[in-house]
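What follows draws every value from the coordinates through simple rules; no lab data is involved. Source: prediction; values computed, not measured. Please note: Cβ atoms are built from the backbone with ideal geometry, for glycine as well, and neighbour counts cover all protein chains shown.
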Amino acid sequence: APLQQKRGDQRRRPREQGAGVGGDDDYRDRFVRAYDRLRDDLLDDDSCELTDEARRWIAQMIDYNVPGGKLNRGLSVIDSYLLLKQGSEVTEDEFFLACVLGWCVEWFQACALLLDDIMDDSHTRRDQICWFRRPEVGLRGINDGILLKCHIARLIKKYFREKPNYIDISELWNEIALQTSLGQMLDLISTHSGANDVAKYNIEVYRRIVKYKTSYYSFYLPVACALLLSGAKLENFSGLRDILIEMGVYFQAQDDYLDCFADPNTIGKIGTDIEDHKCSWLIVQALGHANTNQIEVLLRNYGKKDSASVSKVKSTYSTLELKDMFFEFEDRAYKHLVTSIEAQHDQAVQEILKSFLKKIHRRKR
Ligand code: GPP
Ligand code: MG
Ligand code: MG
Ligand code: MG
């Protein structure tokens, strides 16, 4: 009965409150609770003949990598779905299906981060040591990343195989996985020949990398899942997609800023972009504004692991007042996004985009 009552409340007051029955916290709790069920589905998968040892490894691996994030991406599936359904009833089953896709986005994120940390030679993630750095894991972690990716298809099959949108949902996930891997490849190959590459970094190069490595899976995917759940066709929402991609660029520029300037205790990870020679928003701006001497310092020190080189890059960033440049960019990007959002005709689409933007505007972590 309490659930019944919650549902009723939810329908009358769609996500106006932050807490209490029917409010955002209630959705969050219900979303969080769905994790255990999906975890059990995977651990009790009869077709896989899992040994106790295998089951223990998988349980530990997913608990370590999947649930510990901000859950922004997963919850966005729920938020967007409820906004799209506004006015009509959302049953317990429908809500759970939205949770399944929301958690699949979180699973995808876990897979991407686990593998990304190996490729970026990172140290910590979400306030803990990176999975691959645990002595019992190492490069075995590569297979764990692949396993996390396979879990998504497994869950989608289990819950959507009989649904009319099964093919659309599966195709969406395949498409996004391809785009994200290509983006990650662009990110990685932009760093392979040292100084020659730095000179090639510019904002167009940057935007292409980020659109693929971050925007599609972090911003477009959750909303696209909600659209498919609500019975919509994705081709009718290209305007929405373009704004979400733009939001992803804004988000990744923040990530790049935080990589260099934030306290690792706040963002839960230690930055490695300078050491890794990344085509980061900061180096792109620095190269665009530096004089010949400063460019020389950047070329000589960027992409080196030793802390003296990293410090030289950071002090050039500070001479160039990159922090201020970033804050100006953030304001401009935010205003531009608001204008694009307000030009959208569909009210639910506007609401979805606004709630997304609110979550990331001026974020500190
Ligand atoms: C973020 O880049 C991009 C990803 C995590 C996508 C990875 C995709 C794969 C297919 C593995 P980042 O390296 O700046 O992220 P972070 O700062 O969190 O390490
Ligand atoms: Mg990376
Ligand atoms: Mg990384
Ligand atoms: Mg980063």
query = Which whole-angstrom value gives the distance between the alpha carbon centres of region 141-177 and region 302-365?
reply = 31
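Normalised by the residues of the chain, what does the relative contact order come to in percent, with Cα pairs under 8 Å and at least six apart?
Relative contact order here is 16 percent.
Suppose every K and R has +1 on its Cβ and every D and E has -1 on its Cβ; what is the size of the dipole of the chain about the Cα centre, in Debye to the nearest 20? Provide the component values of the computation, followed by the final result.
On the way: 51 positive and 56 negative charges, 96 e Å.
I would put it at about 460 debye.
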inquiry  = Please give the Cα centre distance for region 188-261 versus region 22-101, rounded to the nearest Å.
reply    = 24
key: Estimated distance in nm for a label pair at Asn265 and Thr51, the labels positioned 7 Å out from Cα along Cα-to-Cβ   = 4.3
note = Per DSSP, the loop-located GluC sites (Glu not before Pro) within region 123-171 having at most 13 other beta carbons within 10 Å are Glu136, Glu162
task = Return one number: the angle in degrees, 0 to 90 and rounded to the nearest 10, between the long axis of the Cα atoms of helix 92-119 and the longest principal axis of the Cα atoms of the chain.
result = 20
Nearest 10 degrees, 0 to 90: helix 292-301 Cα axis against the chain principal axis = 60
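Looking at region 89-121, which GluC sites (Glu not before Pro) are in a loop (DSSP not H, G, I, E or B) and have at most 16 other Cβ atoms within 10 Å?
On the way: sites: Glu89, Glu92, Glu94, Glu106; in loops: Glu89.
Answer by residue number: Glu89.
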request  = Show the residues, 5+ positions off or on another chain, whose built amide H is closer than 5 Å to the amide H of Thr124.
outcome  = Cys130, Ile270
Note, ³J(HN,Hα) from phi for region 280-287, Karplus 6.51, -1.76, 1.60, rounded to Hz, x at Gly and Pro = 8, 4, 5, 5, 4, 5, 4, 5
query = Across region 142-284, how many lysine pairs, 8 or more apart or on two chains, come within less than 19 Å at their alpha-carbon atoms?
reply = 11
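Under the definition of Cα pairs under 8 Å and six or more residues apart, what whole-number percent is the relative contact order of region 211-317? All intermediate terms of the calculation are to be shown ahead of the outcome.
Values: 85 pairs, mean separation 22.8, N = 107.
So the answer I get is 21 percent.
Write out the trypsin sites (Lys or Arg not before Pro) in region 183-284 meeting two conditions: DSSP loop, and at most 12 other Cβ atoms within 10 Å of their Cβ. Each step should come with its number before you reach the end.
Details: sites: Lys200, Arg207, Arg208, Lys211, Lys213, Lys233, Arg241, Lys269, Lys278; in loops: Lys200, Lys233, Lys269, Lys278.
Answer by residue number: Lys200, Lys233.
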note = Expressed in nanometres to one decimal, the distance between label points 7 Å along Cα→Cβ at Gln86 and Lys354 is 0.8
Degrees, to the nearest 10: 72-84 long Cα axis against longest axis of the chain = 50
Two-site label geometry, Gln347 and Asp29: point separation in nm, points 7 Å out along Cα→Cβ = 2.9
